[in-house]
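What follows is a single structure, written as structure tokens, with notes after it.
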Amino acid sequence: MRVIKIIDGTTVDGPGFRTSIYFAGCTHHCPGCHNRHTWDINAGEEMSIEEILHRVEANDLNVTFSGGDPMMQIEELIQLAKEIRQLGKTIWCYTGYTYDEVAADPKMSALLPFMEVLVDGPYIDSLRDTTLLFRGSSNQRLISIPDSTPVTPHLWTPSF
């Protein structure tokens with residue numbers, strides 16, 4: 001997998017301390033994106049699923065997938081998500097796709113059973129809102145996957 005970086009113990013990509021994995025590749029190219037350097041699918045370094053899992057295990061924290069757009073590496077991402085869930089960790093995933101687009105796509109939707117929360121939608125600079133929890137623009141949603149069906153996303157509500 002192409003990984004830009006892994007941040008150990010961050011609190012900005014979901015609740016509590018988390019291991020955030022920033023994957024290479026994004027075709028959304030949102031104006032105002034603060035991670036433009038992640039757009040190139042060849043950016044970062046090649047890491048095996050085992051190498052990433054070793055880091056996750058060492059940190060012993062819940063996990064966030066970000067980027068770029070993790071969906072650009074969906075086949076490997078599904079395998080990684082399965083392994084992370086077997087470790088008993090929850091997973092948040094940021095994507096520029098909407099929940100409906102993910103749910104309608106046979107490959108991307110296969111990732112949903114492993115997610116706790118999907119942060120969906122492209123970043124829209126004109127909707128930037130620094131007061132929002134865990135997202136950059138007001139069109140983006142925090143969707144609780146266990147509570148959702150492909151046609152009815154349920155917004156995540158913080159319990160802290």
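Test each condition in (1) closer than 21 Å to CYS33 by Cβ; (2) surrounded by fewer than 17 Cβ atoms within 10 Å (Cβ to Cβ); (3) in contact with a Phe, Trp or Tyr (Cβ under 7 Å, 6 or more places away or on another chain) for SER144 and report the one that comes out false.
Among (1) closer than 21 Å to CYS33 by Cβ; (2) surrounded by fewer than 17 Cβ atoms within 10 Å (Cβ to Cβ); (3) in contact with a Phe, Trp or Tyr (Cβ under 7 Å, 6 or more places away or on another chain), SER144 violates only (1).
Would you call GLU83 open to solvent by 80 Å² or more (accessible area, probe 1.4 Å), touching a helix residue (DSSP H, G or I) at 6+ places or on another chain (Cβ under 8 Å) and modelled with pLDDT of 95 or more? Give the derivation first.
Numbers: open to solvent by 80 Å² or more (accessible area, probe 1.4 Å): no; touching a helix residue (DSSP H, G or I) at 6+ places or on another chain (Cβ under 8 Å): yes; modelled with pLDDT of 95 or more: yes.
So GLU83 fails the test.
In this structure, is CYS30 modelled with pLDDT under 95 and not in a helix (DSSP H, G or I)?
Considered against the rule, which asks whether it is modelled with pLDDT under 95 and not in a helix (DSSP H, G or I), CYS30 comes out as yes.
For the subset of the range 4-23 comprising residues that are under 12 Å from the mean Cα position of the chain (by Cα) and over 18 Å from LEU133 (Cα atoms), which member is most open to solvent (accessible area, probe 1.4 Å)?
TYR22
Given ALA58, ALA110, which one is open to solvent by 30 Å² or more (accessible area, probe 1.4 Å), among the small types (Gly, Ala, Ser), touching a helix residue (DSSP H, G or I) at 6+ places or on another chain (Cβ under 6 Å) and without any contact (Cβ under 8 Å) to a residue 60 or more places away in the chain? Walk me through how you get there before you give the answer.
Values: ALA58 fails: touching a helix residue (DSSP H, G or I) at 6+ places or on another chain (Cβ under 6 Å).
Criteria check complete, one pass: ALA110.
The values are calculated or read from the model by the stated rules, or taken from the named source; none is laboratory data. All values reported here derive from a predicted model rather than from experimental measurement. Cβ coordinates were reconstructed from backbone atoms using ideal geometry, including for glycine residues, and neighbour counts include every protein chain displayed. Ligands, DNA and RNA are excluded from the accessible area calculation, which covers all protein heavy atoms including side chains. Shrake-Rupley method; radii C 1.70, N 1.55, O 1.52, S 1.80 Å.
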